[in-house]
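Let me begin by presenting the structure, written as structure tokens, before commenting on it.
The values are calculated or read from the model by the stated rules, or taken from the named source; none is laboratory data. Just so it is clear, the model here is predicted, and its values are computed rather than measured. As a convention, Cβ positions derive from the backbone with ideal geometry for all residues, glycine included, and neighbour counts pool all protein chains shown. Heavy atoms of the whole protein, side chains included, go into the accessibility calculation; ligands, DNA and RNA do not. Shrake-Rupley method; radii C 1.70, N 1.55, O 1.52, S 1.80 Å.
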Amino acid sequence: IKTQSEIGLNTINSHVAERRILSDLKLIYGIGETTEQKLKEEGYETIEDLTEHPRFGIEARKFLELFNMRNTFSLIDWIMHWFPKSHPLVFCCSGLHKPEDFILFDLETMGLFTRPIILFGVARVSGDSIFIEQYLLRDIREEPAALMNFLNRVREGKAFITFNGLTFDLPYVKERLAYYRISCDIEKPHFDMLHFSRRAWKKQVPDFRLNTLEKYLFGIERKEDIPGALVPDFYDTYLKTKNIGPLIPIIKHNKQDLITLANIFSKLHEQWG
């Protein structure tokens, strides 16, 4: 199922992202708040300035090498060694990518781990639109084929955007790949909007479900939306009756999740940009 939605993906200007990352000297081993302040008073404003420092130069050069290679996967690991995974500097690494680099994805499953994935939703950005492809299982036996189509799409991107994908979606895909003994490396830089949303809006929203964020951040209230917990029941009804009616709410629910995911990503860039 292919659809298009008129929504762009706002990102931090790459020069702004570069400046913010390189100006935080605390990314270098041995530098805390006090040392950073002292170094800046001595004229070391950026990590680039530190490359010739007698004590911190070696680590600064290592970091700068990763940075100049635009190796965001390793940069995120480096930043998360010193800061929480929800820190704005981690999110700022997304500004080193073009909007077209991102793969947004969301899964609908038959339950918790070890149960089949019944719908793979994938979105790519082009101009002011996102193009959504959804791979829906007409029968459980189609899961390996849907997995392969999903893998073909995600290979085209350079970074993931998900909502709770680090904890749920990506491990779930890996589990299903292992179940079918399909070997594939799908590790990419991963920007999980759940963690950043908790940090950005913890005082503004009562919880961090996608439809709650829609309501409080964008004024959207879903009409007749199927709760995620009922997706397995709706799909099971389809399997028993062969009536496609219960599939339609699942497809619509997944599509709206992807659109909201793009909106949250853009909103965070507005707030932290």
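Annotations
- In the stretch 124-142, the residue that is most open to solvent (accessible area, probe 1.4 Å) out of those that are part of a strand (DSSP E or B) and more than 14 Å from residue 251 (Cβ to Cβ) is 131.
- Helices (runs of 4 or more DSSP H) contained in the stretch 206-273 and holding at least 3 residues modelled with pLDDT of 95 or more and touching a strand residue (DSSP E or B) at 6+ places or on another chain (Cβ under 7 Å): 247-272
- When the test is whether a residue is free of Cβ contacts under 8 Å to residues at least 12 places away in the same chain and out of contact with any Asp or Glu (no Cβ under 8 Å at 6 or more places or on another chain), residue 112 passes it.
- The one condition in (1) open to solvent by 20 Å² or more (accessible area, probe 1.4 Å); (2) free of Cβ contacts under 8 Å to residues at least 60 places away in the same chain; (3) in contact with a Ser or Thr (Cβ under 8 Å, 6 or more places away or on another chain) that residue 117 fails to fulfil: (1)
- 1 or more residues surrounded by 17 or more Cβ atoms within 10 Å (Cβ to Cβ), within 28 Å of the chain's Cα centre (by Cα) and among the aromatic types (Phe, Trp, Tyr): qualifying helices (runs of 4 or more DSSP H) within the stretch 10-94: 57-68, 72-82, 88-92
- For residue 247, the conditions (1) exposed (fewer than 14 other Cβ atoms within 10 Å of the Cβ); (2) touching a residue at least 60 places away in the same chain (Cβ under 8 Å); (3) in contact with a helix residue (DSSP H, G or I) (Cβ under 7 Å, 6 or more places away or on another chain) are fulfilled apart from (1).
- Any hit, the stretch 215-226, residues being under 20 Å from the mean Cα position of the chain (by Cα) and farther than 21 Å from residue 134 by Cβ: yes
- Cβ-Cβ distances below 9 Å connect the following pairs, each with a first residue in the stretch 26-44 that is closer than 12 Å to residue 82 by Cα, a second residue that is assigned to a loop (DSSP other than H, G, I, E, B) and open to solvent by 50 Å² or more (accessible area, probe 1.4 Å), and a separation of six or more residues or different chains: 30/55.
- Filter pass, residue 3 being surrounded by fewer than 19 Cβ atoms within 10 Å (Cβ to Cβ) and either basic (Lys, Arg) or within 30 Å of the chain's Cα centre (by Cα) (or both): yes
- Exactly one residue among 165, 121 is of a type outside the set (Ser, Thr, Tyr), at pLDDT 95 or above and within 12 Å of the chain's Cα centre (by Cα), and that residue is 165.
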